[in-house]
Structures are given as C-alpha cells and as structure tokens.
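Read through the structure below, which is laid out as structure tokens, and then see the notes.
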Amino acid sequence: MLLNAHPAFFSCIKVKWLRESNILKLHYQPVPTALAQVDREKIYQWINELSSPETRENALLELSKKRESVPDLAPMLWHSFGTIAALLQEIVNIYPSINPPTLTAHQSNRVCNALALLQCVASHPETRSAFLAAHIPLFLYPFLHTVSKTRPFEYLRLTSLGVIGALVKTDEQEVINFLLTTEIIPLCLRIMESGSELSKTVATFILQKILLDDTGLAYICQTYERFSHVAMILGKMVLQLSKEPSARLLKHVVRCYLRLSDNPRAREALRQCLPDQLKDTTFAQVLKDDTTTKRWLAQLVKNLQEGQVTDPRGIPLPPQ
C-alpha cells in the first residue's frame, strides 16, 4: 500500500516527523523568540522542498540564510528523509564543471549554499560524529584540488575550506583522527602556497588546529618529508608576507611555527631553517598592536635558543 502512496503522503510524514523531532529538542535547545512560528513552518517547507529538483535551488538559498537563526537546523537536515542525499547530489553535479574549469557564478553560488548547510551539520554536536562517519568531507576534496583563480572557483574553495574549518574549530579528537586519514594536509599546504589571502588564512588555520592536537603534531613530525613540506610552505609564506603584509595570516603562520617548536626533532630543524624575517624586525610594524602574536614570536625564538650548546662568548656552536 505504502509503495503506491502519493508523494504528498510522504511529504506530510516528513513534515510531521520534523515537527515532532523539533519538539523533542526544545528542552535543551530553545528556539529564539525572534523566530516566529510562521518561520518554523517555512523551515519545514524548505527542507521538504530540498527533495525535489524543481524546488531545491530556492530552498537551498532560503535555508542557508536562516542557518544562523535556527539552532536545531542541523539535526533537522540530517534526520529528514533524503535531505543529505540531495545536498550531496548538488556537490556531485558540479564535478563535471571542475575539469575543464567551466564553473559559472550561478553554479558556484548554488553549490555553496549546499555547502553552507553541510557546514551547519558539521558544526553541530549532535550531527558531527555521524557527518564524519559518513565521510562526507571527502566529497569536498575535489573542490580543494582546483587551481583556477576565477571568482566562482575561489568562492567554491573558500566555502569548502569553511566546512573543514568548522570541524577543526571544535577541538575534538575524532575530527583530527579523521582528517589525518585523508589528504587534507597536502591540500591545505597547496592552498597556503598559491591561494587568495582569505583562502590561505583558512587553510593555515586548519593546519594550525591539526598541529595543536598532540596526535596531529606527532603525525606531521613523524617523517622528515612531512615536516620539511610544512616548513617549506611556511617559509614561502613568511617571504611573501614580508612583501605583502597581512597581520591575520601572519598570526596563524607564527602559531604554526611555535607549535612545531614543541617537538624536539622539529625544534632542532627549525634552528636551521626558521626564516630570518621572523628573527629580525621585518614584521615589527605589522605586529605593533598585536601583543598575542608578538608574545608567540618571542616564545618561538626562545624555544629555538634553549638547549643550544654555546661557547663562552655565547655564540652557538655548530652541531658535531
């Protein structure tokens, strides 16, 4: 009987489930008073419309606008029938436009609305683990592989990085463990080397968060190849920043260096390869009002000086 039921029947069930599920969540996630009941009804309607290709584009746009004002949107998206599949379909539909790079602004805006909803799911504590278990971040990696400098591609990369950034921002071990099984580190390093300033900043933030985790630091410092790749890209960034300063980006770069200096092997290597620009006054003007980064930089230099063998005049002796 159910197999022959009209699609509207399933729509009614879906909306009914969403309402009941939402009621169950009210005891720990109160709805803002500014969000009127009529808006809740529209949320249910838009989620329902994601399942239909004819109504999906507008639903994506409207829901992406509302994601900040509906605290339980992520569970609603995750648990409603066919919604995540619809969002993944939006992502996969863009793959043919990546190579050759023919992505239009309209296509980019549409898929980025879908990515914004996935970021919402990635950020929510109730849906994050399931999001990782389904390996959904892997669907975004083809976007991070792109190199086109056009605005649609830059917007696509930045929004994709935002999803990964939302994951690492939680400082949860399962997030780092998952990411270390993927190619996220080389992908971030490539963007850090050649992306726009904003993309570089988010990519460096992701690397920083991985390094701040003990498992992530050990992973990167486990082999010379991994460490040297990271150190080489960071060195290139420092050189570029000395020509085109960005206090925000420099802050993340310095924090990455400081964290690397916590590892004994990395610390020894950094004594040889830390850029001179971080040792002299190159960035004094950029950091004049940034006490946090100045403190990190001072601590970095101190870490690299400690444990060095010196002659009586205080000059470091070369390694034997």
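So the values come out like this:
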| quantity | calculated |
| --- | --- |
| Filtered residue count, the range 225-265, keeping only those that are within 17 Å of K209 (Cβ to Cβ) and charged (D, E, K, R) | 6 |
| Qualifying residues in the range 160-195 (those that are β-branched (V, I, T) and more than 12 Å from A122 (Cα to Cα)) - the one most open to solvent (accessible area, probe 1.4 Å) | T181 |
| Test: residue in the range 104-113 that is over 19 Å from L63 (Cα atoms) and open to solvent by 10 Å² or more (accessible area, probe 1.4 Å) | yes |
| Test: L138 is touching a helix residue (DSSP H, G or I) at 6+ places or on another chain (Cβ under 9 Å) and within 22 Å of T204 (Cα to Cα) | no |
| Residue within the range 287-302 that is under 22 Å from G195 (Cα atoms), of a type in the set (S, T, N, Q) and either modelled with pLDDT of 95 or more or open to solvent by less than 20 Å² (accessible area, probe 1.4 Å) (or both) present | no |
| The range 213-243 - residue that is open to solvent by 40 Å² or more (accessible area, probe 1.4 Å), touching a residue at least 40 places away in the same chain (Cβ under 8 Å) and under 27 Å from T282 (Cβ atoms) and, of those, nearest to the chain's Cα centre (by Cα) | H229 |
| Condition broken by F81, with the remaining ones in (1) open to solvent by less than 10 Å² (accessible area, probe 1.4 Å); (2) modelled with pLDDT under 95 satisfied | (1) |
| Filtered residues of the range 116-158 (kept if open to solvent by 60 Å² or more (accessible area, probe 1.4 Å), within 25 Å of T104 (Cβ to Cβ) and part of a loop (DSSP other than H, G, I, E, B)) | H145, V147, K149, T150 |
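Conditions (1) over 19 Å from Y155 (Cα atoms); (2) part of a helix (DSSP H, G or I); (3) within 22 Å of the chain's Cα centre (by Cα), marked per residue:
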residue	(1), (2), (3)
V70	yes, no, yes
W78	yes, yes, yes
F81	yes, no, no
A85	yes, yes, yes
E90	no, yes, yes
Y95	no, yes, yes
P101	no, no, no
H106	no, yes, no
R110	no, yes, yes
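The values are calculated or read from the model by the stated rules, or taken from the named source; none is laboratory data. A quick note: this is a predicted structure, and the numbers were derived from the prediction, not measured. Ideal geometry is used to build each Cβ from the backbone, glycine not excepted, and the neighbour counts take in all protein chains shown. Remember, those area values only see protein heavy atoms, side chains included, never the ligands or the DNA or RNA. Shrake-Rupley method; radii C 1.70, N 1.55, O 1.52, S 1.80 Å.
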